[in-house]
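Below: one structure, written as structure tokens.
The values are calculated or read from the model by the stated rules, or taken from the named source; none is laboratory data. What you see is a predicted model, and the numbers here were worked out from it, not measured in a lab. Heads up, the Cβs are rebuilt from the backbone with ideal geometry, glycines too, and the neighbour counts pull from every protein chain shown. Heads up: the accessible areas ignore ligands, DNA and RNA and are worked out on the full protein's heavy atoms, side chains in. Shrake-Rupley method; radii C 1.70, N 1.55, O 1.52, S 1.80 Å.
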Amino acid sequence: MRTKLMWAAGIVVGIALAVAVVAGGGGSPAPIKSAAGAGDPVAGAVTFGETCAACHGVEGTGTDVGPPLVHPYYRTEHHADAAFVLAVRNGVEPHHWNFGPMPALQGLTDQDVADVTAYVRQLQEAAGIE
């Protein structure tokens, strides 16, 4: 019985740690970093326009084929910066919207993703989403 309780406690702690890491731990978002350095929203705007805008809209407000990223669902506390990396690298199944799944995107570097994330966070901030 004690062994089962220890396993259950370990699983609960592990899940709590995983949620804390994915959620970013709350508070003010840290600068968006990649292996190449901090995200540049100016460069991110260019990459977003070339790679993301067809589905997510020129200013992240969505289209008929992709959801808005400038929306409270994508605030830092709900979708940490790591969620953008995971979406680009692995694709994502829809969980907030009735759009099809987003495929993984090829050809973007870690720096590109950091730049796009910085641009999206800048758009969110300008729209009052923090």
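If you take the residues in the stretch 63-76 that are touching a Pro at 6+ places or on another chain (Cβ under 9 Å) and not β-branched (Val, Ile, Thr), which one is surrounded by the fewest Cβ atoms within 10 Å (Cβ to Cβ)? Even if it seems obvious, please write down each step before you answer.
Of the residues in the stretch 63-76, the ones touching a Pro at 6+ places or on another chain (Cβ under 9 Å) are 67, 73-74, 76.
Those left that are additionally not β-branched (Val, Ile, Thr): 67, 73-74.
Working: Pro67: 20, Tyr73: 13, Tyr74: 21.
Within the stretch 63-76, the match that is surrounded by the fewest Cβ atoms within 10 Å (Cβ to Cβ) is Tyr73.
Using the structure shown, decide if Gly60 is open to solvent by less than 80 Å² (accessible area, probe 1.4 Å), at pLDDT below 90, of a type in the set (Gly, Ala, Ser) and assigned to a loop (DSSP other than H, G, I, E, B).
Working: open to solvent by less than 80 Å² (accessible area, probe 1.4 Å): yes; at pLDDT below 90: no; of a type in the set (Gly, Ala, Ser): yes; assigned to a loop (DSSP other than H, G, I, E, B): yes.
Spelling it out, it is not the case that Gly60 is open to solvent by less than 80 Å² (accessible area, probe 1.4 Å), at pLDDT below 90, of a type in the set (Gly, Ala, Ser) and assigned to a loop (DSSP other than H, G, I, E, B).
Would you confirm whether any residue within the stretch 89-108 is part of a helix (DSSP H, G or I) and open to solvent by less than 80 Å² (accessible area, probe 1.4 Å)?
Residues of the stretch 89-108 that are part of a helix (DSSP H, G or I), as a first pass: 89-90.
Subsequent filtering for residues that are open to solvent by less than 80 Å² (accessible area, probe 1.4 Å) retains none.
No, the conditions are met nowhere in the stretch 89-108.
Which pairs turn up if I take residues in the stretch 104-130 that are aromatic (Phe, Trp, Tyr) and look for partners that are open to solvent by 30 Å² or more (accessible area, probe 1.4 Å) with beta carbon separation below 6 Å, at least 6 apart in sequence or on another chain?
Matching pairs, first to second residue: Tyr119/Pro41; Tyr119/Ala45.
When the residues of the stretch 109-130 are narrowed to those that are farther than 13 Å from Thr51 by Cα and touching a Ser or Thr at 6+ places or on another chain (Cβ under 6 Å), which ends up surrounded by the fewest Cβ atoms within 10 Å (Cβ to Cβ)?
Out of the qualifying residues, it is Asp110.
Considering only residues that are of a type in the set (Val, Ile, Thr) and over 18 Å from Asp115 (Cα atoms), look in the stretch 63-89 and name the one that is modelled with the highest pLDDT.
First pass over the stretch 63-89, keeping only residues of a type in the set (Val, Ile, Thr): 63, 65, 70, 76, 85, 88.
Imposing the further condition that a residue be over 18 Å from Asp115 (Cα atoms) reduces the set to 63, 65.
Values: Thr63: 96, Val65: 93.
Filtering first and then ranking leaves Thr63.
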